[in-house]
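Below: one structure, written as structure tokens.
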Amino acid sequence: MSTNMNAGAAEVVSFDDEPLILVDSDDNVLGHMPKAEAHKGEGVLHRAFSIFLFNSDGEVLMQQRADAKQLWGGFWSNSVCSHPRRGETVPEAAQRRLREEIGVEADVTYLYKFEYHAQFGEIGAEHEMCSVFVACSDAAVAGNPNEIADFSFMAPDMLDAELAAHPDRYTPWLKLEWPRIREAHWATVERLTPGNAPR
């Protein structure tokens, strides 16, 4: 695991009152709601995104979520996940969040979009219309400690094995997204990351 957290980059980039974009199951905009409120109870469906950042060796960046996160604090997840804000496209938000959370500038490639619901006990839930992106960069990662407790690059086969052996360590959206990427979108990952040999 990495200890290369950038304390100097500890900018606060997530706010309980930031307006999330509420949508229906066809991704039509219905309105806006503060982030904390949208995650209470069973959650209210809103736009979100997940990014899987690979290096040129074909390894994927995994992050351990900060303990202070409202939901799934301390769990391991994919490189970056967050929400677009009012007036922001999803790709714009994805590139913003790469900068804010891990200090990386990179182009993002859209893979697919899906709706999911995951309950975190009585604390709240994720109910998201989530766009999944892949990106590639060898830039040094500078983890924002307000968002990330730790991070590590992991070979795809190792992540496959980890999810099979220790699923309780990982966020529910990762466990939905990674198998679909491996099964349906791996050719795109291979084009972007020369270190990933054909499966």
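The values are calculated or read from the model by the stated rules, or taken from the named source; none is laboratory data. Owing to the predicted nature of the structure, the values given are computational and were not obtained by experimental measurement. Note that each Cβ is placed from the backbone with ideal geometry, even for glycine, and that neighbours are counted across all protein chains shown.
Working only within segment 150-181, note down all residues that are under 18 Å from the mean Cα position of the chain (by Cα) and among the charged types (D, E, K, R).
Here is the first cut: in segment 150-181, the ones under 18 Å from the mean Cα position of the chain (by Cα) are 150-156, 159-160, 162-163, 167-181.
The answer is D150, D160, E162, D168, R169, K175, E177, R180.
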Discussion item. Filter segment 36-48 down to the residues that are crowded, with 19+ Cβ neighbours inside 10 Å, of a type outside the set (A, V, I, L, M, F, W, C) and out of contact with any helix residue (DSSP H, G or I) (no Cβ under 7 Å at 6 or more places or on another chain) and list them by number.
Written reply: H39, G43
Response to the item:
Of (1) in contact with a helix residue (DSSP H, G or I) (Cβ under 8 Å, 6 or more places away or on another chain); (2) modelled with pLDDT of 95 or more, D27 satisfies every one except (1)
Response to the item:
Scanning segment 144-188 for residues that are in contact with a Gly (Cβ under 8 Å, 6 or more places away or on another chain) and of a type outside the set (D, E, K, R), the one nearest to F75 (Cα to Cα) turns out to be A149
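Tell me which residues, restricted to segment 36-84, are of a type in the set (A, V, I, L, M) and in a loop (DSSP other than H, G, I, E, B).
Across segment 36-84, the qualifying residues are V44, L45, A66, A68, L71.
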Discussion item. Against the conditions (1) modelled with pLDDT under 95; (2) closer than 23 Å to V90 by Cβ; (3) touching a His at 6+ places or on another chain (Cβ under 9 Å), where does F120 fall short? Just the number, please.
Written reply: (2)
Response to the item:
Those residues of segment 36-57 which are more than 26 Å from L192 (Cα to Cα) and in contact with a Gly (Cβ under 7 Å, 6 or more places away or on another chain) amount to H39, K40, G41, G43
Discussion item. Test of understanding: among E128, E177, E147, which residue is surrounded by 17 or more Cβ atoms within 10 Å (Cβ to Cβ), under 26 Å from E105 (Cα atoms) and modelled with pLDDT under 95?
Written reply: E147
Worksheet, complete the sentence: With criteria (1) modelled with pLDDT of 95 or more; (2) under 15 Å from the mean Cα position of the chain (by Cα), A184 comes up short on (2)
Discussion item. Please go through segment 49-96 and give me each residue that is free of Cβ contacts under 8 Å to residues at least 60 places away in the same chain, more than 23 Å from P179 (Cβ to Cβ) and either in contact with a strand residue (DSSP E or B) (Cβ under 8 Å, 6 or more places away or on another chain) or surrounded by 22 or more Cβ atoms within 10 Å (Cβ to Cβ) (or both), ordered by number.
Written reply: Q70, G73, P91, A93
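Just name the residue that is farthest from the chain's Cα centre (by Cα) out of those in segment 111-132 that are over 20 Å from L53 (Cβ atoms) and of a type in the set (A, V, I, L, M). Full working, then the answer.
As a first pass, look at segment 111-132 and keep what is over 20 Å from L53 (Cβ atoms): 115-127, 129.
From what is left, the residues that are of a type in the set (A, V, I, L, M) are 118, 123, 125, 129.
Numbers: A118: 15, I123: 20, A125: 16, M129: 13 Å.
Only one residue fits best here, namely I123.
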Discussion item. Looking at F120 and the list (1) touching a Leu at 6+ places or on another chain (Cβ under 6 Å); (2) buried (at least 20 other Cβ atoms within 10 Å of the Cβ), which single condition is not satisfied?
Written reply: (2)
